[in-house]
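The values are calculated or read from the model by the stated rules, or taken from the named source; none is laboratory data. All values derive from a computational prediction rather than experimental measurement. Cβ atoms come from the backbone with ideal geometry, glycine included; neighbour counts cover every protein chain shown.
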Amino acid sequence: MEAILKKKILFVDDEPNVLNGLRRMLRGMRKEWEMHFAEGGEEALELLKNSQFDVIVSDMRMPGMDGAELLSRVMKQYPEVVRIVLSGHSDKEMILRSVRPAQQYLSKPCDTKTLKSTIDRACALRDILVDESLKKVVSGLDTLPSMPELYQEILNELQSDDPSIQRVGDIISKDVGMTAKILQLVNSAFFGLPRHISNPQQAVTLLGLETVKALVLSVQVFSQFDNANIPRKFMDALWHHSINTGKIIREIVKTEGVEKNLADDTFMAALLHDVGKLILAASFAEIYRELIKGNEQTKTPLRHAEQAQFGTTHAEVGAYLMGLWGLPDNIVEALAFHHRPAECPVERFAPLTAVHVASVLEHESNPGEETDYSAELDMGHLAKLGLEPRLKCWKDLITDLSHYSH
Ligand SMILES: [Fe+2]
Ligand SMILES: [Fe+2]
């Protein structure tokens with residue numbers, strides 16, 4: 001039998017005591033992990049130069065080269081190495097948002113179980129994104145869409161020292177077409193707002209920055225494909241499916257009492273979950289039209305045809321692009337695994353779970369408006385997270401929603 005391939009992991013910390021602590025704590029992992037320890041950025045880079053690692057786990061505050069600098073160098077020189085921050089600082093959000101080169105954040109002290117599940121999860125995502133067929137498809141694309149400029153401007157504003165709702169509204173208002181689409185969406189039955197919204201500032205005030213940010217990104221992504229030779233009917237149906245999935249997800253996270261950041265990521269993931277279909281349909285127009293046609297006859301999920309044709313599916317392609325744009329791993333993971341959540345080692349409610357469920361239920365509740373034929377719900381995944389009993393309640397929410405909007 002072939003030996004199990006060990007993951008090769010590099011731990012970096014300027015404190016020898018912390019490294020020794022990790023060494024002791026992780027002794028039991030030696031069968032699965034080959035562990036190396038470096039007392040700073042320079043030493044870490046030296047080790048990376050000489051052999052291939054799967055994961056780097058670095059401290060943030062270190063004399064000389066700090067964690068942020070080290071990880072951004074690793075990102076540039078060794079993009080396939082999974083980057084994790086293990087830091088003593090308390091403000092996780094601040095670190096995650098400002099230190100783009102980190103994919104995951106863990107705070108000290110951290111137990112073996114958490115460390116292991118974080119590493120497994122990040123590696124599962126990495127593995128899906130370095131797949132050869134996916135790489136072949138992606139490198140065959142004429143152009144990979146770039147992150148929409150307006151969205152980048154909003155991000156910059158949100159990351160500034162003193163972000164303002166007024167300025168975010170102003171940024172959106174500059175684009176008349178965009179503003180019209182957002183207002184139309186916000187005033188539709190979708191949000192069920194008590195009054196008419198007449199400008200982006202109001203939308204931000206009522207719905208929150210993160211929600212509007214997600215709407216802006218998805219409206220922009222879809223409009224990038226407006227002239228891309230994709231059948232109109234397909235695009236419209238896909239837009240509706242995405243928006244409706246978002247709508248269902250807003251209800252699910254509300255009833256589950258999901259914490260705000262996670263809820264925001266979940267909503268964003270819902271709106272973008274099938275974006276890979278746009279990329280494939282635009283880049284391989286002829287072939288994809290045939291796939292859609294064939295799919296209408298066989299009434300099977302489109303991704304089976306994609307898999308046969310490209311060796312990969314819209315799920316991986318979409319995830320790849322969003323990863324490239326620097327969206328949080330939570331979202332990228334939800335896109336990548338939305339048809340096969342069981343293959344992702346999550347242990348509690350994640351955006352992935354909600355996107356999987358909502359997308360399937362949306363297809364079921366909207367049989368007249370198909371962009372695709374729905375897959376089965378992965379009951380095993382729900383059972384593992386202890387969420388199986390919640391399904392009935394989620395289905396009821398959707399029934400209520402469709403009464404509401406008609
Ligand atoms: Fe999908
Ligand atoms: Fe979907």
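Could you list, ordered by first residue, the pairs with Cβ atoms under 7 Å in which the first is in segment 127-156 and under 25 Å from ASP175 (Cβ atoms) and the second is among the charged types (D, E, K, R) and in a helix (DSSP H, G or I), at least 6 apart or interchain? From segment 127-156, the pairs are ILE154/LYS213. Residues that are touching a helix residue (DSSP H, G or I) at 6+ places or on another chain (Cβ under 7 Å), more than 16 Å from ligand 1 (Cβ to nearest atom) and not acidic (Asp, Glu) within segment 246-257 comprise LYS247, ARG250, ILE252, VAL253, THR255, listed in sequence order. Among the conditions (1) over 16 Å from GLU149 (Cβ atoms); (2) basic (Lys, Arg); (3) touching a residue at least 60 places away in the same chain (Cβ under 8 Å), the only one that ARG195 does not satisfy is (3).
Could you tell me whether segment 269-277 includes any residue that is away from ligand 1 (no atom under 16 Å from the Cβ), in a helix (DSSP H, G or I) and at pLDDT 90 or above? No, every residue in segment 269-277 fails to be away from ligand 1 (no atom under 16 Å from the Cβ), in a helix (DSSP H, G or I) and at pLDDT 90 or above. Each residue in segment 299-315 was checked for being in contact (Cβ under 8 Å) with a residue 12 or more places away in the chain and more than 14 Å from ligand 2 (Cβ to nearest atom), and 7 of them qualify. So is ILE287 in a helix (DSSP H, G or I) and under 18 Å from the mean Cα position of the chain (by Cα) or not? Answer is no for this residue.
Selection of first residues in segment 224-237 that are in the same structural domain as GLY276 (by TED's automatic domain parsing) and farther than 16 Å from ASP274 by Cβ and of second residues that are modelled with pLDDT of 85 or more and of a type in the set (Gly, Ala, Ser), restricted to Cβ pairs under 9 Å at least 6 apart or on distinct chains, gives the following pairs, ordered by first then second residue: ASN229/ALA281; ASN229/ALA282; ASN229/ALA285.
Only residues that are surrounded by 15 or more Cβ atoms within 10 Å (Cβ to Cβ), more than 14 Å from ligand 2 (Cβ to nearest atom) and within 20 Å of SER359 (Cβ to Cβ) were counted across segment 286-298, and they come to 3. When the residues of segment 326-339 are filtered to those that are outside any helix (DSSP H, G or I) and surrounded by 17 or more Cβ atoms within 10 Å (Cβ to Cβ), the one that is farthest from ligand 2 (Cβ to nearest atom) is PRO328.
Answer yes or no as to whether LYS247 is in the same structural domain as GLY192 (by TED's automatic domain parsing), away from ligand 2 (no atom under 16 Å from the Cβ) and of a type outside the set (A, V, I, L, M, F, W, C). For LYS247, the condition - in the same structural domain as GLY192 (by TED's automatic domain parsing), away from ligand 2 (no atom under 16 Å from the Cβ) and of a type outside the set (A, V, I, L, M, F, W, C) - is not met. Looking for something more than 22 Å from SER223 (Cα to Cα), of a type outside the set (A, V, I, L, M) and not in a helix (DSSP H, G or I) - is there at least one such residue anywhere in segment 250-267? Checked against the condition, which is being more than 22 Å from SER223 (Cα to Cα), of a type outside the set (A, V, I, L, M) and not in a helix (DSSP H, G or I), segment 250-267 yields at least one hit. Within segment 254-276, one or more residues are within 12 Å of ligand 2 (Cβ to nearest atom), in contact (Cβ under 8 Å) with a residue 40 or more places away in the chain and charged (D, E, K, R).
Here is a yes/no grid of residues against (1) under 26 Å from ASN330 (Cβ atoms); (2) in contact with a Lys or Arg (Cβ under 8 Å, 6 or more places away or on another chain); (3) at pLDDT below 90:
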{"site": "PHE37", "(1), (2), (3)": "no, yes, no"}
{"site": "GLY40", "(1), (2), (3)": "no, no, no"}
{"site": "LEU45", "(1), (2), (3)": "no, yes, no"}
{"site": "VAL85", "(1), (2), (3)": "yes, no, yes"}
{"site": "SER90", "(1), (2), (3)": "yes, no, yes"}
{"site": "VAL99", "(1), (2), (3)": "yes, no, yes"}
